[in-house]
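What follows is calculated from the coordinates using simple rules that are stated; it is not laboratory data. Being a predicted model, the structure only gives us computed values, none of them experimental. Methodologically, a virtual Cβ is constructed for each residue, glycine included, from the backbone with ideal geometry; neighbour enumeration extends over all protein chains shown.
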């Protein structure tokens, strides 16, 4: 067993925190170009308290059934749109509850496509395969194209009109042969308000002017105003709906998927005293705590691992799991379930 020294005050924070990788194209390129090197074995002598804390903070991105479905549907949609010369290209609309991993899914879809395009093209010559934007809280058409302009590193000043920014964005995305455009937080588009309706029209305009496949994501979009009314009907006619529900733990198949996910997480742990099979053995308890929501599950396992490094136990136990204070959504969902448990 490798010896790991105790955590001291100077090991608490890591100064190497990076900004959001999807804020602009240059940061996105740097993040995609950063190789995902397999972590050393748990017994490797290079592990230190600082590297253990950093590793379990970042941890790994897991391949969930929802991510695999989305990658398959994106492949078919790209092929359908490949020679589409009209304006009615198909798109994907990813919908799910908060914490279901929608934003992570967009990043993984973009990363996978970008890497495949890098392998396909020997020279890049300014090629920008993907572009990202998020709907601003107070959504306006100008605000949306400014987000895309920021990603594409297009200089924008306050006196520029919405039309001028839109023209610049469409020109650059076409010139740089962008094939995928991701727009997050589309649940903020309330088409019952004038700004929301105008921004929805802006999304449609961009999808018509830029020969790319658009992938939208938002919280419970199927229940939001985005798809209501004439504007919503136009989007609904062009976009496939992909739902990212929490993972269930009822049927034999659901239990198998849930345990396979926990086993993958356990394999990724780097804790010298952790007993293999612990997470799978407590699969029902972990599902009770998290409700199968990916964000809650990730928080639970990462914090339990970090706590074990901090207290030098270097193992996740049921006691460690119980000590983690989860998000409000998971906590509120778990309470009624616990009350229904025999003896609860």
Test of understanding: ordering 280, 80, 221, 130 by Cβ neighbours within 10 Å, fewest first, what list do you get?
80, 280, 221, 130
Starting from 0.36 nm per residue, how many nanometres of slack lie between residue 43 and residue 260 once their C-alpha separation is accounted for?
75.7 nm
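Taking only C-alpha pairs under 8 Å that are 6+ residues apart, what is the relative contact order of the chain in percent?
21 percent
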Can you compute the modelled spin-label distance between residue 327 and residue 27, with each label point 7 Å from Cα toward Cβ, in nm?
2.0 nm
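Test of understanding: ordering 147, 162 by Cβ neighbours within 10 Å, fewest first, what list do you get?
Placing the least packed residue first, the sequence is 162, 147.
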What list of whole percents do you get for P(r) of the range 178-230, with Cα-Cα distances grouped in 10 Å bins up to the one holding the largest distance?
25, 54, 21, 0
By count of other Cβ within 10 Å, fewest leading, how are 214, 113 ordered?
113, 214
For the range 248-340 the mean separation of alpha carbon contacts under 8 Å (6+ apart) over residue count, i.e. relative contact order in percent, is 29 percent
In degrees rounded to 10, the 0-90 angle between helix 162-175 Cα long axis and the longest Cα principal axis of the chain is 70 degrees
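Under the rule a/c < 1.5 gives rounded, and otherwise a/b versus b/c splits prolate from oblate, where does the range 48-174 land using the Cα gyration tensor?
The shape class here is prolate.
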I need to check one value: relative contact order of the range 97-217, counting alpha carbon pairs closer than 8 Å and at least 6 residues apart, in percent.
29 percent
Would you compute, from DSSP H runs of 4+ residues alone, the mean residue ellipticity of the chain at 222 nm, taking -39500 (n - 2.57) per run and dividing by the full residue count, rounded to the nearest 500?
-15500 deg cm²/dmol
Is the C-alpha gyration tensor of the chain telling us rounded, prolate or oblate? Criteria: a/c under 1.5 is rounded; beyond that, a/b larger than b/c is prolate, otherwise oblate.
prolate
Shape of the range 248-340, Cα gyration tensor, a/c cut at 1.5:
oblate
